[in-house]
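Shown next, in structure tokens, is the structure this report addresses.
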Amino acid sequence: MSYDTEFLLQLYRQMVKIRTFEEKAQELFLAGELPGFVHLYIGEEAIAVGVCENLRQHDFITSTHRGHGHCIAKGADIERMMAELYGKRAGYCKGKGGSMHIADFSIGMLGANGVVGGGYNLAVGAALACKLRNEDGVAVCFFGDGASNRGTFHEALNMAAAWKLPVLFVCENNQYASTTPYRMTTAVEDIAVRAQGYGMPARIVDGNQVLEVYETARELIEAIRAGQGPVLLECKTYRVKGHYVGDPELYRTRQEVEMQVANSDPLKHFSQKVIAENGLTEGQLAAVRSEVGAGLERAVEKARAAEYPGHTELFAGLYAESEVQ
Ligand SMILES: Cc1ncc(C[n+]2csc(CCOP(=O)(O)OP(=O)(O)O)c2C)c(N)n1
Ligand SMILES: [Mg+2]
């Protein structure tokens, strides 16, 4: 497939936005500026970007505890995200949720989720709503390899397949679930084989190559939008950072991590490819990096200067307004 320069720069911009946001979140967390817990999406950028570039504003996504990349790829505002990480009132959850609860319903982002495997049924529900309303929207459910061992995986895939709901289940197989390597908890080589048990088609892609993810997701999302039912897409990748910022990572060697980064970093791979094959220049890529970097610095400055929610707001926003009179 041939791509125009603007599109390739857009993919790069989105991946760099995620990488830069995550590197900054790591730095700020280690400096003691951010409360709570932070799980980084570094090394997995090509998956969220390759999938979400095929979505419309009102398509839905559900996310995980490692959710910053999904939010950014779906079009969330990094200033409100950063303010949320700081616990400030200007944040997506008015500072009360933090990293694992960021949601933006205006762009179909149904929320990061502290419950592993908590996104499946939200995605199936959103897809059912699309179908009942006769809309051609789709729901994408991002989940981890570890999360595929939860019971909710079975419930959701079975119902989505039986009712032919418009869901794309995207497994981010990053080889680890917390401190456990894939092989310690999972007997099958590929999560994709599990789809067969639900009568659902599945595909496997190299999740470190954004164009491969993009092209496959594009084909699958078109078919799902046309009413052909759900599909499971397994993206093979690697969790470059610890499970959370501060993880001592006693369960793997530095050599393993360094080898993976050297061989499969999605940003490095993409830059080399577009310079060699598509005529982009290092100057164009550097301009994207500096534009993104400046935007992120502004987000951090604003978040630092923003107000914390006041004690009088402690109970505000905890419950939805009742529609029952
Ligand atoms: C229901 C539930 N069980 C356990 C946990 C603790 N926990 C948080 S993340 C995680 C591992 C998830 O692994 P995976 O699904 O592969 O996602 P990854 O962290 O690799 O992105 C676990 C066990 C949790 N948050 N929720
Ligand atoms: Mg994992």
Return the residues of the stretch 167-195 that are more than 9 Å from ligand 2 (Cβ to nearest atom) and part of a helix (DSSP H, G or I); say none if nothing qualifies.
R183, M184, T185, I191, A192, V193, R194, A195
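I'd like the residue in the stretch 215-241 that is of a type in the set (V, I, T) and under 19 Å from the mean Cα position of the chain (by Cα) and, out of all such residues, is farthest from ligand 2 (Cβ to nearest atom).
I221
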Which one of the conditions (1) more than 16 Å from ligand 2 (Cβ to nearest atom); (2) on the phi < 0 side of the Ramachandran plot; (3) surrounded by fewer than 24 Cβ atoms within 10 Å (Cβ to Cβ) does H65 fail to meet, given that it meets all the rest?
(1)
Residue check for N149: closer than 21 Å to E44 by Cβ and crowded, with 22+ Cβ neighbours inside 10 Å
no
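Might you let me know whether the stretch 210-222 holds any residue that is of a type in the set (K, R) and in contact (Cβ under 8 Å) with a residue 24 or more places away in the chain?
Within the stretch 210-222, one or more residues are of a type in the set (K, R) and in contact (Cβ under 8 Å) with a residue 24 or more places away in the chain.
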Being buried (at least 20 other Cβ atoms within 10 Å of the Cβ), of a type in the set (A, V, I, L, M) and closer than 19 Å to Q209 by Cα is the filter here, so list the residues in the stretch 1-51 that pass it.
L8, L11, M15, V16, I18, L40, I42, A46, I47, A48, V49, V51
Within the stretch 274-325, considering residues that are free of Cβ contacts under 8 Å to residues at least 40 places away in the same chain and of a type in the set (S, T, Y), the one nearest to M81 (Cα to Cα)
S290
Just to be sure I understand, how many residues within the stretch 167-216 are away from ligand 1 (no atom under 16 Å from the Cβ), in contact with a strand residue (DSSP E or B) (Cβ under 7 Å, 6 or more places away or on another chain) and of a type in the set (D, E, K, R)?
3
Which one of the conditions (1) in contact with a Lys or Arg (Cβ under 9 Å, 6 or more places away or on another chain); (2) in a helix (DSSP H, G or I) does A160 fail to meet, given that it meets all the rest?
(1)
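None of the figures in this text is laboratory data; all of them are computed from the coordinates on show. Owing to the predicted nature of the structure, the values given are computational and were not obtained by experimental measurement. Reconstructed Cβ throughout: ideal geometry from the backbone, glycine too, with neighbour counts over all protein chains shown.
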